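Note sheet for the following structure.
The values are calculated or read from the model by the stated rules, or taken from the named source; none is laboratory data. Please read these numbers as outputs of a predicted model, since none were measured by experiment. Every residue, glycine as well, gets a Cβ built from its backbone with ideal geometry; the counts of neighbours run over all protein chains shown. To get the accessible areas, we keep the full protein, side chains included, count just its heavy atoms, and leave off ligands, DNA and RNA. Shrake-Rupley method; radii C 1.70, N 1.55, O 1.52, S 1.80 Å.
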Amino acid sequence: MDDTDTYSDEENEDMVQLVEVLKRVKAENVDLKKNFESLKSLHLQLNESHRQLLSKYAALHDERVNVERQYQALCESWRVELEEKQKQFEHAKAQILGPRDLELIRVRLMEE
């Protein structure tokens, strides 16, 4: 007597279905493992990219801060230079005779 003879047709059909389900689940498991490994690899790549971007961001931020400091220092030196030039201009302007004074000098010269 065979093993198949000891089971009813219904039980045999159930076993066939179970074997098919088992095969399908094993195939799905293989696909899920592949997906997991793929996602794991992608996750590691993204983490590395993120780390590199953070590093670049920090370097660019530091560079921006330095450029801003240099710009502020340059603006301050220009302000000081402008104030000095303005004082020199005011001093030179004070030494220039106005139109009225020039007219008086002209009149005196003509009288002489």
If you count only protein heavy atoms with a 1.4 Å probe, what accessible area per residue comes out for the chain, rounded to a whole Å²? 98
Considering only protein heavy atoms and a 1.4 Å probe, what is the carbon-and-sulfur percentage of the accessible area of the stretch 1-95? 57
Run lengths n ≥ 4 of DSSP H only: what is the helix-derived mean residue ellipticity at 222 nm for the chain, with -39500 (n - 2.57) per run over all residues, to the nearest 500? -34000 deg cm²/dmol
Going from most exposed to least, what order do 110, 15 have by accessible area with a 1.4 Å probe? 110, 15
Counting Lys +1, Arg +1, Asp -1, Glu -1, what net charge surrounds residue 101 among other residues with beta carbon under 15 Å of its beta carbon? +3
Under 23 Å between alpha carbons: how many lysine pairs meet that in the chain, if sequence neighbours fewer than 8 apart on the same chain are excluded? 5
Charge context of residue 55, other residues only, Cβ under 12 angstrom, K/R +1, D/E -1: 0
Please give the solvent-accessible surface of residue 13 in Å², to the nearest 10, using a probe radius of 1.4 Å with every protein chain present. 110
For the stretch 18-30, Karplus-derived ³J(HN,Hα) couplings (6.51, -1.76, 1.60; θ = phi - 60°; whole Hz; x for glycine and proline) come out as 5, 5, 5, 4, 4, 4, 5, 5, 5, 5, 4, 4, 4
Would you mind getting the Kirkwood hydrodynamic radius of the chain from its Cα pairs, rounded to one decimal in Å? 24.5
